[in-house]
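One structure is given below, encoded as structure tokens.
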Amino acid sequence: MSYFVTGATGFIGRHLVQQLLERREGDVHVLVRPASLARMERLAARWNERAGTTRVLPVTGDLTSPGLGVATSWIQAHHGHIDHVLHLAAVYDMTADEEVNEVMNVGGTREALAFATAVAAGCFHHVSSVAVAGDLRGHFDESMFDEGQHLPSPYHRTKHESERLVRAQHAVPWRVYRPSVVVGHSETGAMDKSDGPYYFFPMLRALRGVLPAWLPLAGPDLGDTNVVPVDYVAAAIDHLAHLPGRDGETFHLVNPEPQPVIGTLNLFCAAAGAPQLATPVDRDVTSRGLLGMVPRALRPSTLVGALVRSTPGQLVLDQTLGRAGVPAEVLAHTSFSSVLDSRATERALAGSGIAVPDLESYAERLWTYWEEHLDESTGRDADTRAALQGKHVVVTGASSGIGQVTALKVAQAGGIPVLVARGKHKLEEVRDAIERRGGEALVFPCDLSNLGAIDALCDQLAEELPAIDFVVNNAGRSIRRSLHLSHDRFHDFERTMQLNYFGAIRLVMGLLPAMRARYSGHVVNVSSIGVQTNPPRFSAYVASKAALDAWSNVVASEVVGDGITFTSIHMPLVRTPMIAPTALYDKFPTISPAQAADLVIRAMVEKPHEINTALGNVGAIAHTLAPKTAFRVLNMAYHVFPDSAVARGEPTDAAKRESEQIMLARLFRGVHW
């Protein structure tokens with residue numbers, strides 16, 4: 001079996017190639033422009049390394065050239081030996097103009113068909129779109145295509161025309177796949193760009209920052225949408241492409257059930273911690289009773305839709321929501337007027353185990369990936385760019401959690417993150433992610449619990465880097481265990497202090513000479529709200545962070561004259577791998593690693609002495625003004641939140657007194673219990 005794939009570097013294409021490598025045999029030839037050959041070779045090397053093979057073979061050409069620009073000698077050598085041409089290359093962007101859509105979608109499909117004919121391919125697989133349904137109202141199944149429907153945008157028109165080209169030719173057998181709105185991977189959340197529902201994410205992020213999550217917001221009924229994850233699309237195409245006897249068929253890769261736009265947005269609001277939308281007047285009201293007797297063309301939803309798509313409406317939207325990052329063209333096509341029927345596709349997939357997962361099961365993963373990898377707000381902030389552009393930022397614990405996201409944000413602002421952690425492979429993955437987005441990062445593996453290794457790291461950084469502008473002490477170890485369970489575990493205190501305190505100050509002391517020499521440097525210590533609130537069961541962890549705070553406060557007075565400053569961030573509870581072993585935290589109010597990284601970025605830009613939360617300040621004041629009362633409250637929490645089964649040395653069991661735990665957790669949001 002042999003394959004030829006266009007659009008292999010695209011989002012769906014990358015996942016489909018991975019499917020072919022994992023599930024099929026034979027070479028996978030991928031079309032690549034000469035200018036992108038080096039990047040494709042690196043991607044092919046990663047594919048081949050992951051699959052333990054050398055089956056991915058780049059072929060130079062161009063989607064806009066005759067016959068894809070593939071050399072005649074290559075076509076002659078492979079004539080009759082390409083079983084499947086998988087054509088995915090296209091413009092998947094509602095905001096692209098007519099010319100770009102025409103050249104890439106229609107012209108590219110025409111040349112891909114010419115190539116498939118020249119090479120005598122076994123089957124031409126065309127990835128179309130449900131956009132071919134246009135504004136058709138009502139039922140639209142796989143057997144339908146040209147129903148006289150209105151095609152409202154260049155994207156709709158060119159996807160319809162490119163599918164027409166495939167259907168009209170008879171030189172090569174074909175199959176057509178129509179995905180709906182494709183979002184990130186349902187297991188990892190991975191996505192390569194912001195489009196579709198992602199356009200609304202910056203607005204949700206902004207709402208989260210100014211309004212409490214419990215405050216409902218009124219919104220109109222925006223109709224239905226249809227969202228599917230990329231892993232489902234890739235797996236379905238791979239399976240359907242290899243079914244015997246299905247040439248000349250079309251497959252809808254869609255969610256079988258329409259998804260209300262407001263309901264979809266609310267899932268992302270919940271994931272973001274933003275207020276959710278309520279629809280005081282929904283379609284049940286506007287389509288029944290007296291309003292139900294009104295012709296569809298005169299109903300409120302139809303009139304609003306027409307207004308949104310009109311030129312004046314688009315201009316108004318462009319100057320309002322457009323400024324918030326939601327293109328007017330996208331808002332005009334947020335909902336689908338067609339009900340997409342996929343029963344034929346479901347029958348074809350029966351028994352394969354391939355099905356559309358419920359969006360509710362992975363919406364939080366999509367939001368988290370966007371917030372950590374695709375949110376560009378840090379890079380757009382002028383003050384942040386001015387502070388970090390070209391600066392070398394040493395970030396410890398950079399392989400995951402707060403450190404990883406901090407590194408991504410530093411690079412986005414033009415800084416050069418210096419990635420430090422034990423695992424070289426994970427650090428290289430972070431560096432690769434930064435470089436794919438046009439940034440720069442440096443990898444320096446080091447075991448920060450080993451003082452000798454830290455000394456060697458400091459010598460290496462001082463010798464190899466032109467400057468050390470910032471140091472972010474983020475790496476840390478947390479231990480949650482009662483004192484009465486710790487009498488035979490003194491090593492818990494030793495190893496926590498070793499990493500959180502001794503490792504951190506050894507690193508700073510080792511880098512101080514280089515910073516002094518340049519009369520510049522800023523150290524950011526990721527401390528804990530526990531230093532202010534003294535939660536029970538964290539004596540080892542809080543003591544180590546308090547020691548780092550005290551050391552930094554003393555040293556700051558000694559080195560401020562040398563141009564070196566410190567910030568301590570008393571961080572609330574963050575959803576990171578460090579808290580994952582404590583199952584109790586699954587129901588706790590937490591902030592995301594991206595929100596924590598924003599605090600680290602703020603510390604580097606503004607350079608305050610401390611960054612605290614309101615609750616942390618309240619805790620510190622309470623311990624000062626009413627220490628006995630504060631300790632009574634903490635003792636109550638001590639009894640409500642038991643030691644974990646792991647800390648007790650017992651098998652994991654269900655959480656006890658869960659209602660009390662959740663109540664206190666919400667009351668003292670962000671405190672480690």
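The values are calculated or read from the model by the stated rules, or taken from the named source; none is laboratory data. Just so we're clear, the structure is a prediction, and the values are computed from it rather than from any experiment. FYI the Cβ positions are ideal-geometry reconstructions off the backbone, even for glycines, and counts take in every protein chain you see.
Observations
- Flag if Gly184 is under 25 Å from Ala235 (Cα atoms) and touching a Pro at 6+ places or on another chain (Cβ under 7 Å): yes
- Single residue of region 465-485 satisfying the filter (assigned to a loop (DSSP other than H, G, I, E, B) and of a type in the set (S, T, N, Q)) that is nearest to Leu507 (Cα to Cα): Asn474
- Search result, residues across region 422-478 that are small (Gly, Ala, Ser) and in contact (Cβ under 8 Å) with a residue 60 or more places away in the chain: Ala433, Ala467, Ala475, Gly476, Ser478
- Filter pass, Lys391 being surrounded by fewer than 24 Cβ atoms within 10 Å (Cβ to Cβ) and in the same structural domain as Gly476 (by TED's automatic domain parsing): yes
A quick yes/no check of all residues on (1) without any contact (Cβ under 8 Å) to a residue 60 or more places away in the chain; (2) of a type outside the set (A, V, I, L, M); (3) touching a helix residue (DSSP H, G or I) at 6+ places or on another chain (Cβ under 6 Å):
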{"site": "Tyr199", "(1), (2), (3)": "no, yes, yes"}
{"site": "Pro202", "(1), (2), (3)": "no, yes, no"}
{"site": "Leu217", "(1), (2), (3)": "no, no, no"}
{"site": "Asp238", "(1), (2), (3)": "no, yes, yes"}
{"site": "His242", "(1), (2), (3)": "no, yes, no"}
{"site": "Pro260", "(1), (2), (3)": "yes, yes, no"}
{"site": "Ala270", "(1), (2), (3)": "no, no, no"}
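- Positions within region 539-553 being surrounded by fewer than 24 Cβ atoms within 10 Å (Cβ to Cβ) and aromatic (Phe, Trp, Tyr), in sequence order: Trp551
- Selection within region 180-199 - closer than 17 Å to Thr334 by Cβ and at pLDDT 90 or above: Ser180, Val181, Val182, Val183, Tyr198
- Residues that are under 14 Å from Ala116 (Cα atoms) and in contact with a strand residue (DSSP E or B) (Cβ under 7 Å, 6 or more places away or on another chain), drawn from region 168-178: Val172, Pro173, Trp174, Arg175
- Breaking point among (1) within 19 Å of Val233 (Cα to Cα); (2) touching a Leu at 6+ places or on another chain (Cβ under 6 Å), for Val59: (1)
- Residue that is modelled with the highest pLDDT, among those in region 598-618 that are within 15 Å of Ser568 (Cβ to Cβ) and small (Gly, Ala, Ser): Ala603
- In region 510-532, residue nearest to Val554 (Cα to Cα) [restricted to those that are hydrophobic (A, V, I, L, M, F, W, C), surrounded by fewer than 21 Cβ atoms within 10 Å (Cβ to Cβ) and in contact (Cβ under 8 Å) with a residue 40 or more places away in the chain]: Leu512
- Extreme residue, farthest from Pro244 (Cα to Cα), among residues of region 97-113 that are surrounded by 18 or more Cβ atoms within 10 Å (Cβ to Cβ) and hydrophobic (A, V, I, L, M, F, W, C): Met104
- Residue that is surrounded by the most Cβ atoms within 10 Å (Cβ to Cβ), among those in region 229-263 that are charged (D, E, K, R), at pLDDT 95 or above and more than 23 Å from the chain's Cα centre (by Cα): Asp238
- Residue in region 482-493 that is at pLDDT 95 or above and aromatic (Phe, Trp, Tyr) present: no
- Boolean, Ala462 is small (Gly, Ala, Ser), over 16 Å from Arg602 (Cα atoms) and not in a loop (DSSP other than H, G, I, E, B): yes
- Selection status of Leu290, surrounded by 21 or more Cβ atoms within 10 Å (Cβ to Cβ), of a type outside the set (Phe, Trp, Tyr) and either modelled with pLDDT of 90 or more or not assigned by TED's automatic domain parsing to the domain that holds His15 (or both): no
- Some residue of region 531-548 being assigned by TED's automatic domain parsing to the domain that holds Val605 and in contact with a Cys (Cβ under 7 Å, 6 or more places away or on another chain): no
- Selection within region 368-398: residues that are hydroxyl-bearing (Ser, Thr, Tyr) and over 28 Å from Arg422 (Cβ atoms). The member of this set that is modelled with the highest pLDDT is Thr384.
- When each of Val91, Val106, Val85, Val70 is tested for being of a type in the set (Val, Ile, Thr) and in contact with a His (Cβ under 7 Å, 6 or more places away or on another chain), the lone residue that passes is Val85.
- Residues that are part of a loop (DSSP other than H, G, I, E, B) and crowded, with 17+ Cβ neighbours inside 10 Å within region 591-641 comprise Ser592, Asn612, Thr613, Phe641, listed in sequence order.
- Residue count for region 499-558, restricted to those that are more than 21 Å from Val393 (Cβ to Cβ) and not in a helix (DSSP H, G or I): 7.
- Residue satisfying condition, being at negative phi, crowded, with 17+ Cβ neighbours inside 10 Å and not aromatic (Phe, Trp, Tyr), within set Leu217, Leu211, Leu204: Leu204
- Members of region 559-590 found to be modelled with pLDDT of 90 or more, assigned to a helix (DSSP H, G or I) and either basic (Lys, Arg) or surrounded by fewer than 17 Cβ atoms within 10 Å (Cβ to Cβ) (or both), listed by number: Val560, Gly561, Asp562
- Gly401 satisfies every condition listed in (1) over 19 Å from Asp469 (Cβ atoms); (2) modelled with pLDDT of 95 or more except (2).
- Restricting Thr9, Thr53, Thr60 to residues that are free of Cβ contacts under 8 Å to residues at least 40 places away in the same chain and within 17 Å of Ile82 (Cβ to Cβ) narrows the list to Thr60.
- Filtered by the rule that a residue be more than 17 Å from Asp341 (Cα to Cα), surrounded by fewer than 18 Cβ atoms within 10 Å (Cβ to Cβ) and modelled with pLDDT of 95 or more, region 131-168 gives Glu161, Arg164, Leu165, Arg167, Ala168.
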